[in-house]
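First the structure, in the form of structure tokens, and then the observations on it.
Please treat every number below as a calculation from the coordinates, not as lab data. Just so you know, these numbers come straight off a predicted model, no measurement behind them. When we count neighbours, we look across all protein chains shown, and the Cβ atoms used for this are built from the backbone with ideal geometry, even at glycine.
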Amino acid sequence: MKKELCIIPCGRKKIWDKYAHLGAVSAKEAYIGTFHRLCEQYATTYFDNWIILSAKHGFLLPVDTVSGNYDVTFNMKSDEIISINTLKNQVIYKNLNKYENIVVLTGKKYRPIVEASFHKDVTIQFPLLGSKGIGHMQRTLKESVLNKKPIHQMF
């Protein structure tokens, strides 16, 4: 059986938007937006292994700690945005290079970042790329989980 990994986006809405007093939390608890939650539901339904991609922190395991609120995206100009070299290093030291197949539940802006971060021999799928916006992506994810029909190609 081939080793599969699902990568989901973090999202703008975070736990500190509701509970400003909170300190550090796990990555699994940090992101509370609708799209992120639907991606997480999909990932936990169809994959044993999944991670969150953050423009500030890079590849986050669900148990990794996020120290506090931030507002950074990959399409911004900011010193806070993680570099491709750091992402490549995270792939190695977080042992993400053991996966042969990766499914990425994001739009097109993440594609060059993910593809540059992993070895060229890895199969990477972006099953939401043909979507007509965030609403369509959310509906697709919701229906997939509800109907038990994955949108990614089974390897």
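At 0.36 nm per residue, and after removing the present C-alpha to C-alpha distance, how many nm does the segment from Arg111 to Asn69 gain when stretched out fully?
Value of the extension gain: 12.7 nm.
As a quick test, which of the pairs Lys3/Lys77; Lys94/Lys142; Lys56/Lys109; Lys109/Lys132; Lys28/Lys94; Lys88/Lys120 have an alpha carbon distance above 23 angstrom in this structure?
Lys3/Lys77; Lys94/Lys142
Once you sort the root eigenvalues of the Cα gyration tensor of region 85-144 as a ≥ b ≥ c, which label holds: rounded (a/c under 1.5), prolate (a/b larger than b/c) or oblate (the other case)?
It comes out prolate by the Cα gyration axes.
In what sequence do Ser83, Ser26 fall when counting other Cβ within 10 Å, fewest first?
Sorted ascending by nearby Cβ count, the order is Ser83, Ser26.
What spacing in nm lies between the two simple spin-label points modelled at Thr45 and Asn147, each 7 Å away from Cα in the Cβ direction?
Between Thr45 and Asn147, the simple spin-label model gives 1.1 nm.
Is region 1-147 rounded, prolate or oblate when judged by the Cα gyration tensor, a ≥ b ≥ c being the square roots of its eigenvalues, rounded requiring a/c under 1.5 and prolate requiring a/b larger than b/c?
Because its axes are fairly even, with a/c under 1.5, region 1-147 counts as rounded.
Working out 0.36 nm times the residue gap between Ile92 and Arg12, then minus their Cα-Cα distance, what length gain in nm do you get to one decimal?
26.1 nm
In what sequence do Cys39, Cys6 fall when counting other Cβ within 10 Å, fewest first?
Cys6, Cys39
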